[in-house]
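**Q** My questions all concern the structure below.
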Amino acid sequence: MAAKDHQTLHIAVFLWLAFGHIIPNLELSKHIAQKGHRVSFISNPRNIDRLQKLPPHLSSSIALVKIPLPRIADLPEQSEATMDIHGGQMDHLKIAFDGLEAGLTSFLEDSRRIGSSTTMQHTGCLLSRPGLGFPGPSS
């Protein structure tokens, strides 16, 4: 494929709040960015802040998007990943995660509008959580 025919994709990566999901998918995102595509890596602010700094040559291709985790009464403050809780609190973290729906939907809709006015293709999405509670916007 000639360079002028190359279409830049925008991949949105949104994962379950466990670093066993987050770290490998950040590495995958780096590989995608090295191929010339844009990646929006989405999580809550505390988890994004815990990540290693992106390599300078990829920082313009990977956006670290912070969507605040809603407060849930039975979830201790600052509990934004599975490593922050004990097993009995998992259902509360799942409820908080499902509360990210509005922020994620808004981000994807905004990305679609921006993508349609640039050379970027539609936003693709990688979701990683069994039984994800919400479908996101339809095509």
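The values are calculated or read from the model by the stated rules, or taken from the named source; none is laboratory data. A quick note: this is a predicted structure, and the numbers were derived from the prediction, not measured. No Cβ is skipped: glycine too gets one built from the backbone with ideal geometry, and neighbour counts run over all protein chains shown. What goes into the accessible areas is simple: the full protein's heavy atoms, side chains included, and nothing from ligands, DNA or RNA. Shrake-Rupley method; radii C 1.70, N 1.55, O 1.52, S 1.80 Å.
**Q** If packing is taken as the mean number of other Cβ atoms within 10 Å per residue, what is the order of 52-64, 21-33, highest first?
**A** 21-33, 52-64
**Q** Please work out how much length the chain gains when fully extended from D98 to K35, using 0.36 nm per residue of separation minus the C-alpha to C-alpha distance, in nm with one decimal. Spell out each step's value before the answer.
**A** Values: separation 63, 0.36 × 63 = 22.68 nm, distance 3.15 nm.
Full extension of this stretch gives 19.5 nm more.
**Q** Let me ask something else about it. Ratio of Rg to Rh for the stretch 65-113, alpha carbon only, Kirkwood?
**A** Values: Rg = 12.4 Å, Rh = 11.7 Å.
For the stretch 65-113, the value is 1.06.
**Q** Counting only protein chains, not ligands or nucleic acids, how are S40, S106 ordered by accessible area (probe 1.4 Å), most first?
**A** Working: S40 5, S106 55 Å².
If we order S40, S106 from most to least accessible, we get S106, S40.
**Q** Another question, if that's okay. Using Cα pairs under 8 angstrom and six or more residues apart, how large is the relative contact order of the stretch 1-96, in percent?
**A** It rounds to 26 percent for the stretch 1-96.
**Q** With a 1.4 Å probe and all protein chains kept in place, how do R112, R50 rank by accessible area, largest first?
**A** On the way: R112 95, R50 75 Å².
The ordering from most to least exposed comes out as R112, R50.
**Q** Based on Cα coordinates alone, diagonalise the gyration tensor for the stretch 32-114, multiply each eigenvalue by 5, take square roots, and list the semi-axes in whole Å, largest first. List each step's numbers first, then the result.
**A** Working: eigenvalues 149, 54, 16 Å².
In descending order, the three semi-axes are 27, 16, 9 Å.
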